[in-house]
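Remarks on the structure that follows.
The values are calculated or read from the model by the stated rules, or taken from the named source; none is laboratory data. Just so it is clear, the model here is predicted, and its values are computed rather than measured. Methodologically, a virtual Cβ is constructed for each residue, glycine included, from the backbone with ideal geometry; neighbour enumeration extends over all protein chains shown. For accessibility, only protein heavy atoms count, side chains too; no ligands or nucleic acids. Shrake-Rupley method; radii C 1.70, N 1.55, O 1.52, S 1.80 Å.
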Amino acid sequence: MKAPEELQTAVERYRNGDKSYFDQIYKLSHRYLYVCIKHIVKDKEITRDMLQETYLEISRSIEQLRNTEDFINWAVVIARRKCYAYLNKTDKLFLSDTGNEGDRQEIFESIADDEAFIPESIMQDKEKRMMIKNIIDDLSDMQRLCVIGYYYNEQKQEEISEELGIPLNTVKSHLSRAKAKLKEGILALERKKDTKLYAILPFLLLLFTKEAQECEPVPMSPALKELMV
């Protein structure tokens, strides 16, 4: 996801030493990170804590960002690492699945991302969007981590593997299982609600972006406010 020009300008000014632009960076980007974190940890208070920790890390590491256009994707990687560390620390994370990894990769590749189209009416229907978000939230922690990286942050499987420090086949396995569960859940909802939701997979980014646009602003913590002094 390319950062808007206004955000790019704020990032560049902050990176050049103008601390007053940190507030602008936060305002223009925190909703996207909040949605990403919320889908992974599924707890409002922890989401807020992870969000604040993410921006503290952003402030410390801003010089490592090579291109301001990549700010959102770079920040999402930081957020997901924070979530991964939290889940790992609290023993909520199951790193691997059982079964044949090759078979799962074959399943993943057999469910095409471009097999159908989600009309704009689905994106405007809050009830249907909530149904789809509930399906995503029912995935395992590792499945959500991989799905957020692959669809929301548009990372390659190899990049997710390197970021989380887990084998590539494990990433493929989690994505395959997640994709199958998403498809299964959507088909079940179609039967239950007698409505056509179409395939969600090509449009997870659109769904998350819509959710971020509707997200209520999250106030900065005192620790973040100190960065602008």
Exercise. Mind checking which residues of the range 192-229 are assigned to a helix (DSSP H, G or I), at pLDDT below 75, over 15 Å from residue 133 (Cα atoms) and out of contact with any Asp or Glu (no Cβ under 8 Å at 6 or more places or on another chain)?
Worked result: 192, 193
Exercise. In this structure, does residue 164 turn out to be surrounded by fewer than 15 Cβ atoms within 10 Å (Cβ to Cβ) and farther than 18 Å from residue 208 by Cβ?
Worked result: no
Exercise. Are there any helices (runs of 4 or more DSSP H) wholly within the range 13-96 with 1 or more residues that are among the hydrophobic types (A, V, I, L, M, F, W, C) and open to solvent by 50 Å² or more (accessible area, probe 1.4 Å), and if so which?
Worked result: 22-41, 71-89
Exercise. In the range 30-50, what residues are of a type outside the set (Val, Ile, Thr) and more than 22 Å from residue 162 (Cα to Cα)?
Worked result: 30, 31, 32, 34, 38, 42, 43, 44, 45, 48, 49
Exercise. Applying the selection to the range 98-111, what residues are assigned to a loop (DSSP other than H, G, I, E, B) and either open to solvent by 50 Å² or more (accessible area, probe 1.4 Å) or at pLDDT 65 or above (or both)?
Worked result: 98, 99, 100
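Here's the yes/no breakdown for (1) at pLDDT 90 or above; (2) under 27 Å from residue 4 (Cβ atoms); (3) β-branched (Val, Ile, Thr):
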| residue | (1), (2), (3) |
| --- | --- |
| 31 | yes, yes, no |
| 49 | yes, yes, no |
| 56 | yes, yes, no |
| 81 | no, yes, no |
| 96 | no, no, no |
| 127 | no, no, no |
Exercise. Which condition number does residue 130 fail, the rest of (1) over 15 Å from residue 181 (Cα atoms); (2) not in a helix (DSSP H, G or I) being met?
Worked result: (2)
Problem set entry | Residues satisfying the stated conditions in the range 1-12, i.e. assigned to a loop (DSSP other than H, G, I, E, B) and open to solvent by less than 60 Å² (accessible area, probe 1.4 Å) | 1, 3
Exercise. Going through the range 133-180 one residue at a time, which ones are acidic (Asp, Glu) and in a helix (DSSP H, G or I)?
Worked result: 137, 141, 158, 159, 162, 163
Exercise. Going by the conditions given, is residue 114 at pLDDT 80 or above, surrounded by fewer than 14 Cβ atoms within 10 Å (Cβ to Cβ) and not aromatic (Phe, Trp, Tyr)?
Worked result: no
Problem set entry | Close pairs (8 angstrom Cβ cut-off, 6 or more residues apart or separate chains): at pLDDT below 85 in the range 167-191, of a type in the set (S, T, N, Q) and buried (at least 18 other Cβ atoms within 10 Å of the Cβ) anywhere | 178/143; 181/143
Seminar exercise, completed: Pairing a residue in the range 1-30 that is closer than 15 Å to residue 59 by Cα with any residue that is in a helix (DSSP H, G or I) and open to solvent by 70 Å² or more (accessible area, probe 1.4 Å), where Cβ atoms lie under 6 Å and the two sit 6 or more apart in sequence or on different chains, gives 21/13
